[in-house]
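A short reminder: the numbers here are calculations on the coordinates, not readings from a lab. Quantities reported herein were computed from a predicted structural model and do not represent experimental measurements. A quick note on method: Cβ atoms are made from the backbone with ideal geometry, for glycine too, and the neighbour counts reach across all protein chains shown.
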Amino acid sequence: MLVDSFSRKFKYLRLSLTEKCNFKCSYCLPNGYRGCAPKSLEVDEIINLASAFKELGIEKIRLTGGEPTLRHDLVKIIYALKSEVGISQVALTTNGFRLDRDLEVFQSAGLDCLNVSLDSLIKEKFQSICGIDKCESIKQAVDRAIHMRFKSIKVNCVLLKDLNDIEFPEFLKFAQSRQISIRFIELMRTGDNQEYFKKHHLPVSTFEQTLLRGGWEAQQSGPASGPAKEFGHPEFLGKIGFISPYSKDFCSTCNRLRVSSTGGLRLCLFGQGDVSLRHLLQNSSDRFELKEMIACALKLKPEGHRLHQNVYGNMHSLSAIGG
Ligand code: SAM
Ligand code: SF4
């Protein structure tokens, strides 16, 4: 199993499939994706990468981006991870754009878990935050996913002061009759959102107190549950989670490893630079060397980020690697 110098164990990989995105979320890509995307990993490279990680004990792979559903070969990638490599849990983090069309196809290919971003439940508000009129179709996709019995369905909402914080009670109602987990993510400062951060950052801990007063109880976190602190309530089918990167224990339980869409191993979301693995993804005969490189690199994983000191590495926008 992969273990770093601080005895943290890693069973979970986040793999970005592309830097491109078709939304214009105001905290992430307010002007839309403008770059000239570098050549993303091909399916064969992804298979070699995932096989090495599997042999190193990785059980779950989350596909993210940018927007992973912009990849035309996404179904092939899900199928390859699940059926050829044998990854136990394949998850997708998406802005929901393609779900109305392709949810069933993704599930048939082997997708187990779904994370859908939904920053507002109100059509106009959603459009003003994400730059696109998709709120209603995403809500419908969430309901279809529940009906289709995915292993887990999470709804991600970045809490934004004076934009969607007022909707917190509405989100609770949304979770009342739905077996989902709503994850409120605290806005993270990146290279590109300095002014926005000053205006809209809000510590999510404020809302934890509201929940506790309303009879919600903290849940025990599972080994693959990641950094969210989760709460349950006997009268609610859904759960509520908070991801607060600025809280003091956030990094001590970090179980995340990330690989960029070009095969760069990112040890910390807010670290400086990647360790390039791509040259070892061309042939399965390089598997041993690839595994050695990953295990050695992991020993360099820092104890924690330094966001409090305004150090965010080369993270200009989370779209470059996935949240
Ligand atoms: N495009 C997909 C989506 O939006 O779900 C996947 C990539 S996106 C970078 C992954 C998650 O990161 C989304 O839930 C998004 O809301 C969140 N995110 C992006 N920028 C963020 C920031 N500055 N602070 C906190 N969360 C952020
Ligand atoms: Fe795109 Fe996701 Fe960033 Fe929104 S949060 S701009 S959907 S990558």
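Once the Cα atoms of helix 43-55 and of the chain are each reduced to a long axis, what angle between those two axes, in degrees from 0 to 90 to the nearest 10, is obtained?
90
Could you give me the ³J(HN,Hα) list for the stretch 73-81, computed from phi with Karplus coefficients 6.51, -1.76, 1.60 and θ = phi - 60°, whole Hz, x at Gly and Pro?
Karplus values, whole Hz, x for Gly and Pro: 9, 4, 4, 4, 5, 4, 4, 4, 5.
As an exercise, use a Förster radius of 25 Å and the Cβ-Cβ distance of Ser177 and Ser128 to find the FRET efficiency, rounded to the nearest 0.05.
0.35
From the phi angles alone, apply the Karplus equation (6.51, -1.76, 1.60; θ = phi - 60°) to the stretch 171-182 and give each ³J(HN,Hα) in whole Hz, x where the residue is Gly or Pro.
For the stretch 171-182, the Karplus curve yields 5, 4, 4, 4, 7, 4, 10, 10, 7, 9, 10, 8 Hz.
Above 36 Å lies some portion of the pair distances; for the stretch 2-320, what is it as a whole percent of all C-alpha pairs? Provide the component values of the computation, followed by the final result.
Numbers: 6609 of 50721 pairs.
Result for the distance tail: 13 percent.
Spelling out what I want: for every residue of the stretch 127-137, take phi, set θ = phi - 60°, compute 6.51 cos²θ - 1.76 cosθ + 1.60 (Karplus), and round to whole Hz; glycine and proline get x.
Running phi through 6.51 cos²θ - 1.76 cosθ + 1.60 with θ = phi - 60° gives 4, 6, 7, 9, x, 7, 8, 9, 4, 5, 5 Hz.
Under a 5 Å amide H to amide H cut-off, with H placed in plane at 1.01 Å, what residues pair with Arg183 once short-range neighbours are removed?
Correct list: Val155, Asn156, Cys157, Gly241.
Counting only DSSP beta bridges with both residues in the chain, tell me the antiparallel percent, nearest 5.
25
How much FRET efficiency would the formula 1/(1 + (r/R0)^6) give for Glu84 and Ile166, where r is the Cβ-Cβ distance and R0 is 35 Å, rounded to 0.05?
It comes out at approximately 0.15.
Projecting each Cα onto the charge dipole of the chain (Lys/Arg +1, Asp/Glu -1 at the beta carbon, about the Cα centre), which of Leu2, Leu13, Gln282 comes out farthest on the positive side?
Leu2
Can you list the residues of the stretch 129-143 with backbone N under 16 Å from a point 7 Å past the Cα of Glu104, pointing along Cα to Cβ?
Only 141-143 pass the distance filter.
FRET efficiency for Ser5 and Tyr246, Cβ-Cβ distance as r, R0 = 25 Å, nearest 0.05? The partial results should precede the final answer.
Numbers: r = 23 Å, r/R0 = 0.93.
E(calc), rounded to 0.05, equals 0.60.
For each cysteine in the chain, check whether another cysteine's C-beta sits under 4.7 Å from its C-beta; list those where none does.
That list is Cys21, Cys36, Cys113, Cys130, Cys135, Cys157, Cys251, Cys254, Cys268, Cys296.
Just report the Cα centroid separation between the stretch 77-132 and the stretch 229-291, whole Å.
About 18 Å separates the Cα centre of the stretch 77-132 from the one of the stretch 229-291.
Given charges of +1 on the Cβ of Lys and Arg and -1 on the Cβ of Asp and Glu, with all other atoms neutral, how large is the dipole of the chain about its Cα centre, in debye to the nearest 20? Walk me through the numbers on the way to the answer.
Numbers: 44 positive and 36 negative charges, 52 e Å.
The calculated dipole for the chain is roughly 240 debye.
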